[in-house]
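Here's the structure, in structure tokens; my notes come after.
The values are calculated or read from the model by the stated rules, or taken from the named source; none is laboratory data. Computed from a prediction, not measured in an experiment: that's the story for all the values here. We place every Cβ from the backbone using ideal geometry, glycine too, and count neighbours over all the protein chains shown.
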Amino acid sequence: MKQSHLFTKTKKEAPADEVAKNAELLIKAGFINKEMAGVYSYLPLGLRVINKIQNIIREEMNAIGGQEVTLTALQEKATWEPTNQWDDAEVDVWFKTKLKNETELGLAVTHEAAMTKMLKSFVESYRDLPVNIYQFQTKFRNETRAKSGIMRTREFIMKDLYSFSKDEAEHNEFYEKAKEAYKNVFKRAGIGHLTYLTFASGGMFSKFSHEFQTITSAGEDIIYVDESKGIAINKEVYNDEVIANLGLSKETLVENRAVEVGNIFTLATRFSDALNLKYKTETGEEKSVFMGSYGIGPGRLMGTVVEVLSDDKGIIWPESIAPFKVHILELGDDMEVKTTANALYATLQSKGIEVMYDDRTGMSAGEKFADADLIGIPYRVVISPRSLKDGGYEVKKRTEGKGKIVNIDELTEILNG
Ligand code: ATP
Ligand code: MG
């Protein structure tokens with residue numbers, strides 16, 4: 001993409017009411033636009049990142065047998081009544097609305113009930129199970145506090161997967177696979193080293209739910225980490241009994257602030273009982289389907305990456321989710337510089353490398369460097385009269401202080417490596 005074609009521009013300042021570092025940087029760099037408190041739009045650069053995050057999640061969900069669907073965001077009151085979740089006292093973040101004929105509707109907060117109801121048309125016998133169904137779908141939540149930028153918004157996309165198994169043993173088998181798939185997602189997105197499987201409350205049917213918590217001062221949760229075991233306990237369930245149960249010890253647990261980037265938990269038969277999702281066993285007996293729920297917020301994940309991987313100059317994207325791999329910076333309006341930069345842009349594109357080309361005119365080198373650092377693309381290639389005199393292209397990683405001059409073969413080798 002040529003940067004001169006990009007309609008977004010970098011900004012010197014984020015809106016005065018923006019307090020979260022992730023949103024400040026993402027707004028200044030042109031990835032997102034703030035529509036109102038807790039509501040953000042994704043712009044071309046931001047959409048590229050969110051799509052990459054979603055693709056990583058999609059690959060991992062497909063690898064454990066997930067089947068992708070998209071359910072609707074409009075939901076009937078009747079879907080929620082059997083589990084008593086239409087009640088505002090039970091679920092206090094509803095956005096509700098009505099049809100012209102007064103029928104009450106809700107904007108999806110989550111989809112356990114809707115997914116269970118949908119599956120009733122397809123499950124009859126033990127032969128139809130297990131199935132694991134997921135989506136990337138918009139949730140609406142009237143969150144009271146929305147001060148964490150894109151980490152907590154009132155409208156957001158969630159990857160939610162629901163597992164439907166014949167019994168607890170079959171459920172547990174999938175649950176363990178999902179745990180591993182989640183670890184892969186966070187590792188591939190560049191925050192694996194800061195993310196811990198965390199024992200938390202909310203396990204109505206199992207003792208715990210499992211959260212994936214990433215350590216950051218921007219988080220809203222407190223967790224206690226056992227570094228050597230790679231696990232943590234959420235403050236909400238942190239007590240002597242739980243510590244002992246998990247075979248941990250107070251001495252090795254370190255308190256940290258963290259954000260929940262994902263969670264998985266056993267629903268057992270709460271929804272299948274309430275909504276009557278049953279199947280016939282081999283002996284003809286009728287049984288409730290055994291369920292689990294598995295969520296990740298791609299937007300929250302993106303915000304978390306920005307929180308933990310940035311410096312005073314801007315964002316530092318991991319290659320796996322960066323909007324582009326390389327940022328070509330053409331400096332000055334020397335004809336040879338332009339011709340060389342254009343040719344490099346074409347060459348890299350032909351090799352399937354994702355390139356952003358800063359071909360903007362009338363800007364100082366300093367302004368282009370500052371923009372490149374703010375946007376945070378992993379590799380920067382400068383083409384200037386000086387680099388040409390020195391024999392080629394000046395390449396450096398976003399995290400490196402100084403670049404080095406290389407020729408085209410060396411450059412493609414670096415970028416393919
Ligand atoms: P929290 O305790 O942070 O409110 P939650 O328990 O409500 O999270 P779930 O309903 O289980 O979370 O949602 C699954 C995932 O969706 C979360 O792990 C998180 O990544 C993401 N998520 C939840 N709420 C939001 C939100 N308001 N904005 C963005 N992402 C969210
Ligand atoms: Mg919540």
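Tabulated values for the structure
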| read-out | value |
| --- | --- |
| Residue under evaluation A169, criteria (1) free of Cβ contacts under 8 Å to residues at least 24 places away in the same chain; (2) surrounded by 17 or more Cβ atoms within 10 Å (Cβ to Cβ), criterion not met | (2) |
| Unmet requirement for K120, which otherwise passes all of (1) more than 16 Å from ligand 2 (Cβ to nearest atom); (2) closer than 15 Å to L267 by Cα | (2) |
| In the range 8-34, residue nearest to F140 (Cα to Cα) [restricted to those that are aliphatic (A, V, I, L, M) and either part of a helix (DSSP H, G or I) or modelled with pLDDT under 95 (or both)] | A23 |
| Residues satisfying the stated conditions in the range 111-132, i.e. among the polar types (S, T, N, Q), in contact (Cβ under 8 Å) with a residue 60 or more places away in the chain and out of contact with any Leu (no Cβ under 7 Å at 6 or more places or on another chain) | S125 |
| Selected residue (criterion: modelled with the highest pLDDT) from residues of the range 219-272 that are among the small types (G, A, S), in a strand (DSSP E or B) and away from ligand 2 (no atom under 16 Å from the Cβ) | A232 |
| Qualifying strands (runs of 3 or more DSSP E) (wholly inside the range 127-201; at least 2 residues being within 16 Å of ligand 2 (Cβ to nearest atom) and more than 20 Å from A113 (Cβ to Cβ)) | 195-200 |
| Test result for A268, more than 16 Å from I53 (Cβ to Cβ) and in contact with a Ser or Thr (Cβ under 7 Å, 6 or more places away or on another chain) | no |
| Qualifying position, being without any contact (Cβ under 8 Å) to a residue 40 or more places away in the chain, among the hydrophobic types (A, V, I, L, M, F, W, C) and more than 30 Å from E211 (Cα to Cα), among A370, A346 | A346 |
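Quick grid of which residues meet (1) within 10 Å of ligand 1 (Cβ to nearest atom); (2) at pLDDT 95 or above; (3) at negative phi; (4) of a type in the set (A, V, I, L, M):
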position: Q135; (1), (2), (3), (4): no, yes, yes, no
position: R152; (1), (2), (3), (4): yes, yes, yes, no
position: I157; (1), (2), (3), (4): yes, yes, yes, yes
position: S163; (1), (2), (3), (4): no, yes, yes, no
position: D167; (1), (2), (3), (4): no, yes, yes, no
position: K177; (1), (2), (3), (4): no, yes, yes, no
position: F186; (1), (2), (3), (4): no, yes, yes, no
